[in-house]
Amino acid sequence: MNAGVAEGVGRTALLVAAARAIESHRPDALARDPFAEHFVRAAPASAGWPVRPEQVPAGEADPLWGRLGRYFGLRTRVLDDHLLRSAHQGVRQVVLLGAGLDCRAYRLNWPPGCVVHEVDTVEVLAFKQAVLGRTGAAPTARRRTLAADLRLDWAETLPAAGFDPTVPTAWLAEGLLLYLPAAAERRLIATIDRLSAAGSSLAFEIKQIAESPQVRTSPVYTAARQRIGIDLLALFDSGQRPDSAGELAERGWTVVVHTPYDFTALHGRGPRPEPNDALAANRWVFATLPGQRCG
């Protein structure tokens, strides 16, 4: 296995894959990813992690594989719905920034003519392709991959991979901005704006406020660190975060911000608020670019 998937942010991709695998086997699954458990079992670092609900003795009470896992399941469902809604409204170009080990190009029922661009590090994309190749999986849309460091300038290589900036794009940055330095986040938002035609959309996740010391010692963070060796707090960029939602609004995008609990209520399942909540600061942002920009 590539070292890049075993350490740092790449290892969090395995965490999310394990959560998706567990979610997929729930009788009330919010999302299903039949490929997720293959990634978990293929990586030595995660080979012993659970991939089914019955392998989590405490069930949803488990802070890591229960509560945080259900959060990732809910996030997957909500963002799946967002992308498919855009596609059914006529958008045929999708860009997954920091695509990780998700398999939306394989597991979603895309309308004819959709192209899904996956942007991530060369290590993550190589590991992903090796595992998918062994499963015999076939994509349900035209899939294009681009190896790039999203902390740097990646925009010039995207058109060379077949991206067309003159047509609407459904952009997704799932679980990405939390790890980027502020300057890289600003560049990413500016780049997306520059490459987006009217009718484009963008969905991403942020933390709205800095977390208190009590929240930083919550079971979600301590369980991830102690049980699977992932220090999420160390991976999150600690600098002051830019107001990307506000920046998009100033650039003429229509922006809506939700808490995850809005979608727990909508779907009737998912994580719920608790004291010293590690999920309380999370916000899911959905932005669309109308035909005419304001200002």
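Derivation of every value follows stated rules applied to the coordinates shown; laboratory data play no part. Please read all numbers here as calculations on a predicted model, not as lab measurements. Cβ coordinates were reconstructed from backbone atoms using ideal geometry, including for glycine residues, and neighbour counts include every protein chain displayed.
Where the only charges are on Cβ atoms (+1 Lys, Arg; -1 Asp, Glu), what is the dipole of the chain about its Cα centre, to the nearest 20 debye?
Dipole magnitude for the chain comes out near 500 debye.
Tell me, what is the percent relative contact order of the chain, built from C-alpha pairs under 8 Å that lie six or more residues apart?
The normalised contact order for the chain reaches 17 percent.
Of the listed values (1) 18.1, 55; (2) 17.7, 52; (3) 19.7, 72, grab the one calculated as Rg and Dmax of the Cα atoms in Å from the structure here.
Read-out from the structure maps to (1).
For region 2-116, what class follows from the C-alpha gyration tensor (a ≥ b ≥ c being the square roots of its eigenvalues): rounded when a/c is under 1.5, otherwise prolate if a/b is larger than b/c, else oblate?
Cα axes put region 2-116 in the oblate bin.
Per DSSP helix of 4 or more residues, -39500 (n - 2.57); summed, then divided by the residues of the chain. What does that give at 222 nm, rounded to the nearest 500?
One gets -11000 deg cm²/dmol as the mean residue ellipticity at 222 nm.
Treating the beta-carbon of each Lys and Arg as +1 and of each Asp and Glu as -1, no other charges, what is the dipole magnitude of region 175-295 about its Cα centre, to the nearest 20 debye?
Using only the charged Cβ atoms, the result is roughly 160 debye.
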